[in-house]
1. Quick check: the distance between the Cα centres of the range B:194-234 and the range A:71-133, to the nearest angstrom?
2. What percent antiparallel are the DSSP beta bridges of the protein assembly as shown, to the nearest 5?
3. Mind giving me the nanometre distance, one decimal, between the label points for A:THR186 and B:GLU144, set 7 Å out from Cα along Cα→Cβ?
4. Might you report the magnitude of the Cβ-based charge dipole of the range A:74-173 about its Cα centre, with Lys and Arg at +1 and Asp and Glu at -1, to the nearest 20 debye?
5. Taking each residue in A:60-67, count the Cβ atoms of any other chain within 10 Å of its Cβ, then average. What number comes out?
6. Under 15 Å Cα-Cα from A:LYS49, which aspartates and glutamates qualify once same-chain neighbours fewer than 8 residues away are excluded?
7. Okay, helix-only estimate at 222 nm for the protein assembly as shown: each DSSP H run of n ≥ 4 adds -39500 (n - 2.57), divide by all residues, round to 500 deg cm²/dmol; what do you get?
8. Would you please give the residues with an amide H less than 5 Å from that of B:VAL210, counting only those at least 5 places away or on a separate chain, with H modeled from the backbone geometry?
Amino acid sequence: MNESVHLSSQFDEDLSRLRTHVLQMGGLVETQVSAAIDAYATGEIASVKSIVETDRRVNELEKAIDDDCAHIIAKRQPTASDLRLVLGISKIVTDLERAGDEAKKIAKGVRRIYEGGHMPSQYGVGIRHLAEAALSMIRQALDAFARLDTELAKSVIRADTDVDTEFKSIIRQLITHMMEDPRTITTSIDIITIARAIERIGDHAKNVSEQVIYVVDGRDIRHMGKEAAQ
Amino acid sequence: MQIQETPALKAEARNLNFFYGENKALKNINMPIYDKKVTALIGPSGCGKSTYLRSFNRMHDLYPGNRYEGEIRFFPDNTNLLSADVDPIEVRMRIGMVFQKPNPFPKSIFENVAYGLRVRGENNRRVLDDKVEHALKGAAIWDEVKDRLSELASNLSGGQQQRLCIARALATDPELLLFDEPTSALDPIATGAIEELVHELKKRVTILIVTHNMQQAARVSDYTAYMFLGEMIEFGKTDEIFIKPQDKRTEDYITGRMG
């Protein structure tokens, strides 16, 4: 990534503000995900409201950042690393916003479970572990973006495989459980929804990381399998 | 869009040096010019891009003290354009040039276009009519001037004059057209017309264009060369240069980071 300054200091400011906004948005999404996981573990469904509230701010930031990207393209006609940064950011915010939506889904699922009085204790550990892994992926993806660190981005992409495997294993357990005791089906379906949302958060973190690699190296490694992230 | 295979060579600079007296303006340039493609030369003022462009049609011969070293090979006949036994007038028949400011001769529209043909000894009226019309059509200006061919060229607007100059360059059926910042004196609409024309022209002629307008280079060219201080820093497909240049100096220039 090019660290030297532009002839136009205004352009530098525009780009730097854009990056700051992405990191702000990322911070909000991280908070959402983290709060949703806590709610699952503790049953504090009061936080669900604030997660939904945060989602509105995330959505607004997504629109504002996309608007800034459009303005920069129109006014500056960015090229090379600047162009890749703007394009990358425009894609990154889409993934961040969707990760925020998934956090909202988790929160709502948690509320349904606890309001129904069905404590998901027997899945606590598996889901918790999956969620910690996905949260860590989001954090690292944002760090990788902040520092334009492709090595970190690659490690996030590799981590996605583990999250996917863990997700499948949780689903298998739940299916077994539902077959053994059909009364657990309602709760199990909610837990599947939550697990699926967590797994999707991991996917979004992976997508963000792929964009970091595009921004820095100009390599588009999407849909190339995990070998591309070696 | 990716260009899949390497096209045929139209010209190639080989170890080209150029001196304005003691001043070395071009330093060991090696660069291909591909047939029926548009190649853009970009770089800051004084980087040698116009000097390089003008070497192709031996414009530098007009001033004493200028000196070339190395070769510019011209294909398919593999002539060295810089060789002392190559006649510059003959070279200029095959290699046309369009300048920054439109420079029509103080003659009629018709005579401007017919000039090169007359110099070549063509005086048959029917042949001239035919070739002038063909050239004016090729330069996308025929419809605007066909009813006023005997009017003075200077009555045309700037954008029209520039297209007239392109028609004049086309009249001798050149194989290579050199454009030296052809739109820097034109408004955006006239610029758009010239860019559109470049796109049409490359179906039948190879084009080498110097431009200060980076977006223009990105829009019109297939290949781009970045020059700095008389050296060719990077040459590559335009698509690649503007997305992922290999050299930090190219990157700094096209992203506007050069102080």
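1. When both Cα centres are located, 43 Å separates them.
2. Of those bridges, close to 60 percent are antiparallel.
3. With each label placed 7 Å out from Cα toward Cβ, I get 7.7 nm.
4. So the dipole magnitude of the range A:74-173 works out to roughly 300 debye.
5. Across A:60-67, the average partner-chain Cβ count within 10 Å equals 0.
6. Straight-line reach from A:LYS49, under 15 Å: A:ASP38, A:ASP101, A:GLU102, A:GLU115.
7. Rounded to the nearest 500, it is -19000 deg cm²/dmol.
8. Placed amide hydrogens put B:LEU41, B:PHE179, B:ASP180, B:GLU181 under 5 Å from B:VAL210.
The values are calculated or read from the model by the stated rules, or taken from the named source; none is laboratory data. The model shown is predicted, which means the values in this text are computed figures rather than measured ones. Note that each Cβ is placed from the backbone with ideal geometry, even for glycine, and that neighbours are counted across all protein chains shown. Ligands, DNA and RNA are stripped out before the accessible areas are found, and what is left, the full protein with its side chains, is counted by its heavy atoms. Shrake-Rupley method; radii C 1.70, N 1.55, O 1.52, S 1.80 Å.
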